[in-house]
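Structure record follows, encoded as structure tokens.
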Amino acid sequence: MLNIIINRGVKDIDTENYVFSPDTYFKYNYEDEWFEDELVKEMVQDVDGSTVLSAHAIQSPVLGIIAPERLSGGVKALMIMYKEPKLIVNASACGDNCAKWILEIGKRQDITVRLGYEMRFEEPFEICIKNSGSVIHNYAEFLWEFQEVEIFEG
């Protein structure tokens, strides 16, 4: 299940397991094997419009052949969520184009992300808001939870 910690800062987050900067974490921790995974290849194609050629070469329509470190912060965050599910990833590094992939990863395994803005998730979905323990199923409920956290914790 996808678990979200709504938070504009990092207070009350287990900082030992928190990935504030997916770019930095990815640079020093990704594994070559990640790029053999079909879901990873699909995410890279969809989010960045790029094709994984190997663990060391990505074909970008804009930049040509690039190293994995040059992928977008969003796709790097997605890979960390998927390959390191015990970590709490800063999903604010992702744009709305990553929302469907965050939901997909959450369907496959339990993950927790920190989110500091109202990401546009497509319905239907099942998300647990860790701040309140509520399980929500639509965007209106998500916005309500976001507002409640802002009022009571902000």
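The values are calculated or read from the model by the stated rules, or taken from the named source; none is laboratory data. Values in this document were obtained by computation on a predicted structure and should not be read as measured data. Neighbour counts run over all protein chains shown; Cβ positions are idealised from the backbone, glycine included. The area values use the complete protein model at the heavy-atom level, side chains included, leaving out ligands, DNA and RNA. Shrake-Rupley method; radii C 1.70, N 1.55, O 1.52, S 1.80 Å.
For the subset of segment 110-146 comprising residues that are among the small types (Gly, Ala, Ser) and exposed (fewer than 12 other Cβ atoms within 10 Å of the Cβ), which member is nearest to LEU87 (Cα to Cα)?
GLY133
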Criterion violated by ASN97 - all others in (1) open to solvent by less than 20 Å² (accessible area, probe 1.4 Å); (2) under 15 Å from VAL47 (Cα atoms) satisfied: (1)
For segment 127-137, enumerate the residues that are within 19 Å of ILE88 (Cβ to Cβ) and part of a loop (DSSP other than H, G, I, E, B). LYS130, ASN131, SER132, GLY133
Could you look through segment 13-32, keep only residues that are without any contact (Cβ under 8 Å) to a residue 40 or more places away in the chain and closer than 16 Å to ALA91 by Cα, and pick out the one that is most open to solvent (accessible area, probe 1.4 Å)? THR15
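Look through GLU126, GLU69 and report the one residue that is touching a His at 6+ places or on another chain (Cβ under 7 Å) and at pLDDT 95 or above.
Numbers: GLU69 fails: touching a His at 6+ places or on another chain (Cβ under 7 Å).
Sole residue among the options that is touching a His at 6+ places or on another chain (Cβ under 7 Å) and at pLDDT 95 or above: GLU126.
Would you mind finding the one in ALA140, ALA99 that is in a helix (DSSP H, G or I), over 12 Å from the mean Cα position of the chain (by Cα) and modelled with pLDDT of 95 or more? Break it down stepwise before answering.
Details: ALA99 fails: over 12 Å from the mean Cα position of the chain (by Cα).
Criteria check complete, one pass: ALA140.
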Those residues that are open to solvent by 20 Å² or more (accessible area, probe 1.4 Å), among the β-branched types (Val, Ile, Thr) and under 24 Å from ARG114 (Cβ atoms), I need them from segment 33-87; list them, please. VAL47
